[in-house]
Amino acid sequence: MDSKISQREQWTSKLGFILAAAGSAVGLGNLWGFAYRASQGGGAAFVLLYVLIVLIVCLPVFVAEMALGRNAMASTLLAPVKLAGKNWYPLGILFFIAPLGIASYYSVIMGWTADTLFHSLFFGLPKNLTEAETFFGSISSGSSVLLGHLLSLVLTAIIVSSGIKKGIEKVTRYFMPILFIIIVILAIWATSLSGAWEGYKTFLLKFDFNELRNPQTIRNAFTQAFFSLSLGIGIMVTYASYLNKKSNLPKLSVGVASLDTLVGLMAGFITFPIVLTFGLSDAISESTVGALFISIPTGLGSYGAAGRIVAVAFFALAYIAAITSSVSLLEVPVSSLMDKFGFKREKSVWLITLFLFLAGIPSALNLNILGTVDSIFGGVLLIFGGFLVTFFMGWVVPGKFNEELNDSKVGIKTTRYLKFMTRWIAPPIIGFGLFISVFDLMKSWVS
Ligand code: TRP
């Protein structure tokens, strides 16, 4: 096994890692997930909780995941066992199954995105809400949804099969700068809308203290933070296993988390003004998983040619963001198969892609199933995974965690802070978030 591990690929540079990790983080979660969850209520309390969770809880989880990956220098399936013995194999298995669960429906939403992009480009935008709803109905059913799902998976597979340097790193190097440019331009454009101020207010200033105690808002904030940062299921474990020993893990994680949160907030600065300018708050508060695909095209549809250009830019942005995320979701199980069974990269990629296509069919054909799979795999399991990772690094193998912090050459204060947070603060807070989230999820099932 050691010979295999010594041949592990590495990122060509720190920037390569940052762009790839930020590429994983910035995705449909920032656009679709944010709009979807923010639309379920919570207002500014939701946004505040989300940012606090990122700062207090997710940063330690991020560093813990990276420390686990870099110390083990192995894929997620084997990393916990390598550090702490066979009893921890179930954690590796969770890291293997959870990304598969997310990837299976992520490509379905990517398919909707591609469809909306093509439609905006070649046919134009819906004239009103009814037309937009009919359009969303047509792209989220029948053969068109399966085609979008398949194409998105194949595209992801092609990139991942080219490897770390030639595939993932190369694509993210080109795509991430383009994405940042588009998002900044769109956020500037949104300031010119008549409802811009109303949008910012709804997004950031409508503060209701009671929302801080609403289990749904708490679950949404935890889910959004973990999902958006790609935490809890070993993505950062895998990506950090391709890092060299010299990189400063805390610094890298702060860099990636800041980029992601910035993009999340900027996406809000685009979607909320559009929604409020065109009087669509009712549509969005119906909170279907399709909120983004219904409200944004409708809003922009009443804005003539300029609206159409913006729609094309917006959905192109979403698709680019999604690709750099879906490659990370595929890389995790692929690298595990390679490590565990000695499979070649291509073989692992296509085997898993076939599995994902089949596993995603129920979500593709039924929005309720998609919503449920999302709330389990893209929600409570991530929070559970985050809990386990901090518990594991903080309490089970604290020596290894220490080693990684020392190798990162962060100052003594940062080391102490991270150790304290990873042992005493993150696990109980995440445990609390998990408890509330499971409770709220079950409640939503019985009602
Ligand atoms: N973070 C990505 C997004 O915001 C999605 C994603 C990629 C993800 N990898 C993940 C979510 C791992 C949770 C865990 O769209």
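The values are calculated or read from the model by the stated rules, or taken from the named source; none is laboratory data. What you see is a predicted model; the values in this text were computed from it and never measured. FYI the Cβ positions are ideal-geometry reconstructions off the backbone, even for glycines, and counts take in every protein chain you see. Just so you know, the surface numbers come from the protein's heavy atoms only, side chains and all, with ligands and any DNA or RNA stripped out. Shrake-Rupley method; radii C 1.70, N 1.55, O 1.52, S 1.80 Å.
Which of the numbered conditions does Ala20 fail, given that it passes all the others? Conditions: (1) touching a Phe, Trp or Tyr at 6+ places or on another chain (Cβ under 7 Å); (2) of a type outside the set (S, T, N, Q); (3) at pLDDT below 90; (4) buried (at least 20 other Cβ atoms within 10 Å of the Cβ). Going through (1) touching a Phe, Trp or Tyr at 6+ places or on another chain (Cβ under 7 Å); (2) of a type outside the set (S, T, N, Q); (3) at pLDDT below 90; (4) buried (at least 20 other Cβ atoms within 10 Å of the Cβ) one by one, Ala20 breaks only (3). Annotation note: Cβ proximity below 6 Å between a residue of the range 305-330 that is more than 16 Å from the ligand (Cβ to nearest atom) and a residue that is open to solvent by less than 10 Å² (accessible area, probe 1.4 Å) and among the aliphatic types (A, V, I, L, M) (sequence gap 6+ or interchain) occurs for Gly307/Leu300; Val310/Leu300; Ala311/Leu300. Within the range 268-284, one or more residues are within 25 Å of Leu179 (Cβ to Cβ), open to solvent by less than 40 Å² (accessible area, probe 1.4 Å) and within 15 Å of the ligand (Cβ to nearest atom). Of all residues assigned to the range 55-70, at least one qualifies as being free of Cβ contacts under 8 Å to residues at least 24 places away in the same chain and either away from the ligand (no atom under 15 Å from the Cβ) or surrounded by fewer than 24 Cβ atoms within 10 Å (Cβ to Cβ) (or both). Going residue by residue through the range 153-168, is there one that turns out to be closer than 23 Å to Ser258 by Cα, out of contact with any Pro (no Cβ under 7 Å at 6 or more places or on another chain) and either open to solvent by less than 80 Å² (accessible area, probe 1.4 Å) or not in a loop (DSSP other than H, G, I, E, B) (or both)? Yes; the residues of the range 153-168 include at least one that is closer than 23 Å to Ser258 by Cα, out of contact with any Pro (no Cβ under 7 Å at 6 or more places or on another chain) and either open to solvent by less than 80 Å² (accessible area, probe 1.4 Å) or not in a loop (DSSP other than H, G, I, E, B) (or both). When Ala35, Ala74, Ala64 are checked against the criterion of being among the aliphatic types (A, V, I, L, M), modelled with pLDDT of 90 or more and not in a loop (DSSP other than H, G, I, E, B), Ala64 stands alone in meeting it.
Within the range 299-314, none of the residues are under 30 Å from Asp339 (Cα atoms) and not in a helix (DSSP H, G or I).
Yes or no: Ser144 hydroxyl-bearing (Ser, Thr, Tyr) and in a helix (DSSP H, G or I)? So Ser144 fits the description; yes. Of the residues screened, Gly199 is one that is over 30 Å from Lys347 (Cβ atoms), in contact with a Phe, Trp or Tyr (Cβ under 6 Å, 6 or more places away or on another chain) and either without any contact (Cβ under 8 Å) to a residue 24 or more places away in the chain or surrounded by 16 or more Cβ atoms within 10 Å (Cβ to Cβ) (or both).
Please verify whether Leu231 is within 16 Å of the ligand (Cβ to nearest atom) and closer than 22 Å to Asn71 by Cα, treating the condition exactly as stated. Answer is yes for this residue. In the range 215-238, the residues that are farther than 13 Å from Gly378 by Cα form Cβ pairs under 7 Å with partners that are near the ligand (Cβ under 9 Å from one of its atoms) and outside any helix (DSSP H, G or I), at six or more places apart or across chains, as follows: Met236/Ser230. When the range 374-410 is filtered for residues that are under 17 Å from the mean Cα position of the chain (by Cα), open to solvent by 10 Å² or more (accessible area, probe 1.4 Å) and within 20 Å of Asn87 (Cα to Cα), the ones remaining, listed by number, are Leu381, Phe384.
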